[in-house]
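These notes are about the structure you will find just below.
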Amino acid sequence: MVSIAGGWFFLMACEMFVLGKRDFRLPGLGSYLQTAASTGDTASIVWGLTTMISVIVLLDQVLWRPIIAWSDKFKFEQVESVAAPRSPILEALRRSTTAKLFQKKIITPVSEEISRKIAERAKKRTKNYMRDKAPVYLLGITIMLIVAVLTICTSMGAIGLLRRLDRADVVLTFKSAMATFTRVNIALLLASAWTIPMGVMIGFEPKLARIAQPVAQIAASVPATALFPVLLLGIVELGGGLGVGSILLMLLGTQWYILFNVIAGAMAIPSDLREAAEIFRLSRLERWKTLIVPGIFPYMITGLANRQPFALAPAVQPRRKSFQIGNVRIAI
């Protein structure tokens, strides 16, 4: 779901862009929305977004919902889930005589043949493991040495460039880097403040997940490039400035990665552990400390690490300081 939402998110940037003197325009919803946004055609933007949302909802009900319901059987628990995910399409497929016949005549024989071939290859690899171990080991050592040499050469080149800078340029560079670092982390903190509690709530409540997950997927899939101009103008009009505006714009891409991963982490917590917390009557704080945070922590780190901050290119460029390094001029 995260990947699909990310694909929709960059739809406009993928299907219509300028490279040098060439203007690339692929036929599709992305180029349609980009053209509508460029010309200010509000009606066309609404029609394009409506079509996109319809496709997202259709994919959720036809593809993702059946897969989620089907994959629940692989969840190892000591007790059965109180409200397991369900899909009308999956139930119809399970009752279908044609689907059962297809499973018996095609899926089962093909899967058995694939399993047999995989087992034979694994047996051959086991026999040849010791014989092939030495060349693989030497290849690994060679690759590591090449990477180490390239890393050292690149580091030396970077140090050589930095030595050409004067003290004021170095200070300005680090100040600019710290400003960007601060903005990105503020965006992550603001995103985590609402996505972590909301993700746990959605993951623990299947009834809420049926409604909230499609809505979140739709919100995450709306191309941000269609919203950037409107949001930026609104922020500037309110006097927030580009510093505040860049943080709010980064939230458009950052928050959804955290939300979807936290939802997955909350849904992965076994029901027996949640029932044990109920039996021991743990307080809300104790549940978060002993059950929820440890359960969602790997997923939360994944969402935070795969954040998607955006570089802000304002219409009115701020005043910059530039300096020369050899034949290259750098502006900050």
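The values are calculated or read from the model by the stated rules, or taken from the named source; none is laboratory data. The shown structure was predicted, so the numbers you read here are calculated from the model rather than taken from an experiment. Cβ placement follows ideal geometry from the backbone for every residue including glycine, while neighbour counts extend to all protein chains displayed.
Beta carbons closer than 9 Å, at least 6 apart along the sequence or on distinct chains, pair a first residue in region 44-69 that is assigned by TED's automatic domain parsing to the domain that holds Arg210 and among the hydroxyl-bearing types (Ser, Thr, Tyr) with a second that is surrounded by 15 or more Cβ atoms within 10 Å (Cβ to Cβ) and in a helix (DSSP H, G or I) for Ser44/Tyr32; Ser44/Leu33; Ser44/Thr35; Ser44/Ala36; Ser44/Ala37; Thr51/Leu29; Thr51/Tyr32. Given the condition outside the structural domain of Ile218 (by TED's automatic domain parsing), at negative phi, among the basic types (Lys, Arg) and out of contact with any Gly (no Cβ under 9 Å at 6 or more places or on another chain), answer yes or no: does some residue in region 83-91 qualify? Within region 83-91, none of the residues are outside the structural domain of Ile218 (by TED's automatic domain parsing), at negative phi, among the basic types (Lys, Arg) and out of contact with any Gly (no Cβ under 9 Å at 6 or more places or on another chain).
For every residue, the table says whether it meets (1) free of Cβ contacts under 8 Å to residues at least 24 places away in the same chain; (2) loosely packed, with under 14 Cβ neighbours inside 10 Å.
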position	(1), (2)
Gly140	yes, yes
Val149	yes, yes
Leu161	no, yes
Phe181	yes, yes
Ile186	no, no
Ala191	no, no
Val215	yes, yes
Ala220	no, no
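Looking at the structure I just gave you, is Glu80 at pLDDT 85 or above and not aliphatic (A, V, I, L, M)? Here the answer is no, as Glu80 does not meet what is asked.
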